[in-house]
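The values are calculated or read from the model by the stated rules, or taken from the named source; none is laboratory data. Small disclaimer: the values here were computed from a predicted structure and weren't measured. Here the Cβ positions follow ideal geometry from the backbone for every residue, glycine too, while neighbour counts run over all protein chains shown. In case anyone asks, the SASA skips ligands and DNA or RNA and just uses the protein heavy atoms, side chains included. Shrake-Rupley method; radii C 1.70, N 1.55, O 1.52, S 1.80 Å.
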Amino acid sequence: RFNADHLLEDSPVIDIYPESIAFDDYVMFHYLYKDTYWLLGQNLRTYGLSKKQETVYMKDLNLDRFIIDSNEILWGAASYNGLVIIDLQKRKEIAHFINDPLDENSISDNNINCLFKDSNGFLWIGTEFGLNRLQQNVDSLAINNPETYSSARFSDLDFIRLQKQDGLSGNAIKSMLE
């Protein structure tokens with residue numbers, strides 16, 4: 001594997017041998033979290049890097065992309081169907097948010113192109129009709145005691161909507177960087 005020590009070598013040639021992994025099913029999206037690849041295809045699967053073993057974690061999830069926060073909550077973009085929040089410890093959907101044209105605090109569009117959690121703990125959601133920021137800090141939704149945990153804290157989340165009239169160059173948000 002390539003590492004920073006290779007950059008310090010005097011040799012003009014660096015031998016890098018790529019490592020490839022063959023998975024059991026197609027991978028549409030992957031996410032690295034705590035030395036485990038989370039693989040998204042027909043099912044949500046995990047691939048442990050140390051054991052080099054793939055397992056099905058949850059079946060038949062209709063997600064295009066996702067992020068996992070430090071509390072092991074998966075924030076997923078459902079295919080043209082809004083934002084889904086899943087408690088990975090319980091393997092259970094705990095909330096689902098879709099666009100409500102009559103509610104300014106709902107997500108601006110059900111077609112989610114990208115998700116991003118910034119260094120301050122806020123979740124940003126890029127859609128075809130603007131940029132959304134979850135008003136609540138994701139880290140403040142921490143699950144401190146799983147015994148008293150309730151999905152109620154996730155059921156009343158509000159979104160701030162930003163669009164072209166707010167200063168964006170366009171409404172379709174495809175990616176984000178901090």
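Taking the numbered list (1) outside any loop (DSSP other than H, G, I, E, B); (2) at pLDDT 90 or above; (3) open to solvent by 60 Å² or more (accessible area, probe 1.4 Å) in turn, residue 175 passes all entries but (1). In segment 117-152, the qualifying residues are those that are in a helix (DSSP H, G or I), open to solvent by 50 Å² or more (accessible area, probe 1.4 Å) and within 11 Å of residue 71 (Cβ to Cβ), and the one that is modelled with the lowest pLDDT is 146. How many residues, within segment 93-115, are in a strand (DSSP E or B), touching a residue at least 12 places away in the same chain (Cβ under 8 Å) and open to solvent by 50 Å² or more (accessible area, probe 1.4 Å)? Residues that pass the stated criteria total 1.
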